[in-house]
Amino acid sequence: MAPVVDRLKTEYESVVDFRIINVDSDPEGAELADGFGLQFVPSFIFLGRDGSQQDLLVGEVSEDQMRATLDALKQ
């Protein structure tokens with residue numbers, strides 16, 4: 001998933017703030033995962049400007065699916 005995220009991060013850098021958090025090695029990451037009820041890696045949480053959860057993708061997803069989710073949230 002890293003190559004997909006890296007490409008999209010570059011493409012959407014003026015619109016989206018990407019945060020990559022390792023829930024296995026980062027105690028704060030594990031706390032965030034618990035707070036959102038995440039059980040699988042990778043999980044992609046999409047938050048609005050107000051911090052509310054707008055969407056969630058779980059598992060390995062295609063670049064097209066990730067791009068579609070990002071585009072829907074831009075509108």
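The values are calculated or read from the model by the stated rules, or taken from the named source; none is laboratory data. Being a predicted model, the structure only gives us computed values, none of them experimental. FYI the Cβ positions are ideal-geometry reconstructions off the backbone, even for glycines, and counts take in every protein chain you see.
Which is of a type in the set (Asp, Glu) and either in contact with a strand residue (DSSP E or B) (Cβ under 9 Å, 6 or more places away or on another chain) or at positive phi (or both), of Asp55, Asp71, Asp26?
Numbers: Asp71 fails: either in contact with a strand residue (DSSP E or B) (Cβ under 9 Å, 6 or more places away or on another chain) or at positive phi (or both); Asp26 fails: either in contact with a strand residue (DSSP E or B) (Cβ under 9 Å, 6 or more places away or on another chain) or at positive phi (or both).
Step by step, each of Asp55, Asp71, Asp26 is checked, and only Asp55 is of a type in the set (Asp, Glu) and either in contact with a strand residue (DSSP E or B) (Cβ under 9 Å, 6 or more places away or on another chain) or at positive phi (or both).
I'm trying to understand the selection: among the residues of segment 5-21, which are within 17 Å of Val58 (Cα to Cα) and either of a type in the set (Lys, Arg) or in a loop (DSSP other than H, G, I, E, B) (or both)? Residues satisfying the conditions are Phe18, Arg19, Ile20, Ile21. Counting only residues that are in contact (Cβ under 8 Å) with a residue 12 or more places away in the chain, loosely packed, with under 15 Cβ neighbours inside 10 Å and part of a loop (DSSP other than H, G, I, E, B), segment 22-38 holds 1 of them.
Confirm whether Leu70 is at pLDDT 90 or above, of a type in the set (A, V, I, L, M) and outside any helix (DSSP H, G or I). No: the conditions fail for Leu70.
For segment 12-36, residues that are within 25 Å of Arg67 (Cβ to Cβ) and of a type outside the set (S, T, N, Q) total 14.
Of the residues making up segment 39-57, those that are part of a loop (DSSP other than H, G, I, E, B) and within 12 Å of the chain's Cα centre (by Cα) number 3. Here the condition is being touching a helix residue (DSSP H, G or I) at 6+ places or on another chain (Cβ under 9 Å) and surrounded by 12 or more Cβ atoms within 10 Å (Cβ to Cβ); of Val16, Val58, it holds for Val16 alone.
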